[in-house]
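Structure first, commentary second.
The values are calculated or read from the model by the stated rules, or taken from the named source; none is laboratory data. Note that the structure is predicted; figures quoted are calculated from it, not measured. Using ideal geometry, Cβ is built from the backbone for each residue, glycine included, and neighbour counts are taken over all protein chains shown. Quick note on the areas: whole protein, heavy atoms, side chains included, nothing else; ligands and nucleic acids left out. Shrake-Rupley method; radii C 1.70, N 1.55, O 1.52, S 1.80 Å.
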Amino acid sequence: MTDTIRPAAAEETKGQVSPVRARLALVRWSDFSLVPVILVLMVIGFIVSPVFLTSQNLINVIQQSSELSLLVLAQAFILICGRMDLSLESTIGIAPVIALWLVLPSSGDRFTGLGLLPAWTAIPLCLLAGLAIGAFNGFLMLKLRVNGFIATLGMLMMLRGLHIGITEGKSIIDVPASFSYLGRASWLGAPAAVWICLALFAIGGAALAWTRHGRSLYAIGGNPEAARAAGIRVDRVTWIVLAIGGLLAAFAGILYTGHYGSVGAAQGKDMIFQVMAAAVIGGIGLKGGRGTIFGALTGVLALQLVVNVMTLAGVPGQWETFLNGAIIIIALIASRFASGEEQD
C-alpha cells in the first residue's frame, strides 16, 4: 500500500487527484493477499478435524477474535500514523478494573470496591479510563517529546502493576449485568461482539479511505514534516488517534469481561504480541503510512485460524507463543524482500 496510499494522500493535499480516482487507488489486490492463506488454512483445518468447518467452531473462532481485533484496529490506526502503543494490552485489563473498583460496593466476599458511583456508570467509566490512558500517552509523546516505544512500554508495566495492586492479584467475578451484556448477547444468530467489531472495522476502513482526516494519517505516517507543511495539524491528529486507541482497548476490555464473566488478574497479558503479529502479517507498516484496515482484519483471522487448527490438531497451547513469534519473523522477512526497503 505504500506506493498507493502515500502518493494519493500527498497529491490530494495539492488538489491534483479527483476523489473517485483516490478511492479506486485505495483498492488494491495486495489487500487481499492473506485471503488465499485463510482459504488454505481452512482446508488444512478440515483435513485435521471435521469439527473445524462446523458453524459452532467457526463462530467460536470469530468471537474469540473480537477482543483481539479491536486491539489490532487501535494499533493499526496508531501504526499508520507513525506511532506505536504497547500499553494497549494493559488498558484492556485496567480500564474495566478501574470502572468496577468505583462502582462495586465496599463490602464483598472476594473483591471490595469503593461504591462511589451507581452500577450503570461502569461502561462510561471504563471507556473514559481508556480514553484518558490514550490521551496521556499522547501527552508523553507529543508534549514531553518522550520516545513513544519506551513511554508506552513504561505505561504497560505501570498499568499492569496498578491492575494487580487494585485487585490484589485476584479476579473480579461480581460483574454488573450491564457490563457483561455485550460480551454474552447474541444478535441474528451470532455473538453481538462479532457484529460490533465488524461495524467498527467498516467505520474505520471507510474513515481511512473516504475522509480527509482519515487519509491524513497516511500523510503523517509517511512524512510528518511534509504533512505539516501541507497544513495538516500533525500533533492534534496524532493525539486524537492515540486517545481513540485507548478508547478501543477499553471497549475490548468490556467485551472480554462480558465474554468470560470476570476480569482476570492477568487480563490482556502478552496480547500485545498477538496484536503486533496480526498487524504485521496484515500489511500494516511499522514505519507508518502503510496498510489498510481490511488487511489488519485478515491478519487477525489468519492468526486465530492458525491457533484453532493447532488446537484441533492436538498441539499443546504452550507452543502458541513460539508460533506467534515465528509468524512475525516470517512476515517481516517477506515484507523486507517484497518492498525492497530496509527495516530499521
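Descriptive notes on the structure:
- Any hit, the stretch 33-54, residues being open to solvent by 20 Å² or more (accessible area, probe 1.4 Å) and among the polar types (S, T, N, Q): yes
- Lone unmet requirement of (1) part of a helix (DSSP H, G or I); (2) closer than 21 Å to Y260 by Cα; (3) open to solvent by 60 Å² or more (accessible area, probe 1.4 Å) for K170: (1)
- One residue from L58, L68 being open to solvent by less than 70 Å² (accessible area, probe 1.4 Å) and out of contact with any helix residue (DSSP H, G or I) (no Cβ under 8 Å at 6 or more places or on another chain): L58
Here is a yes/no grid of residues against (1) at pLDDT 85 or above; (2) hydrophobic (A, V, I, L, M, F, W, C); (3) open to solvent by 30 Å² or more (accessible area, probe 1.4 Å):
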{"residue": "G291", "(1), (2), (3)": "yes, no, no"}
{"residue": "T298", "(1), (2), (3)": "yes, no, no"}
{"residue": "L305", "(1), (2), (3)": "yes, yes, no"}
{"residue": "L323", "(1), (2), (3)": "no, yes, yes"}
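- Qualifying residues in the stretch 325-344 (those that are part of a helix (DSSP H, G or I) and among the polar types (S, T, N, Q)) - the one modelled with the highest pLDDT: S335
- In the stretch 308-321, the residues that are open to solvent by 30 Å² or more (accessible area, probe 1.4 Å) and not charged (D, E, K, R): M310, T311, L312, A313, G314, V315, P316, G317, Q318, W319, T321
- Residues located in the stretch 230-257, provided they are more than 23 Å from G148 (Cα to Cα) and surrounded by fewer than 24 Cβ atoms within 10 Å (Cβ to Cβ): A230, G231
- Counted residues, the stretch 83-111 - those being touching a residue at least 40 places away in the same chain (Cβ under 8 Å), open to solvent by less than 40 Å² (accessible area, probe 1.4 Å) and assigned to a helix (DSSP H, G or I): 13
- Residue count for the stretch 112-144, restricted to those that are at pLDDT 95 or above, surrounded by fewer than 16 Cβ atoms within 10 Å (Cβ to Cβ) and polar (S, T, N, Q): 0.
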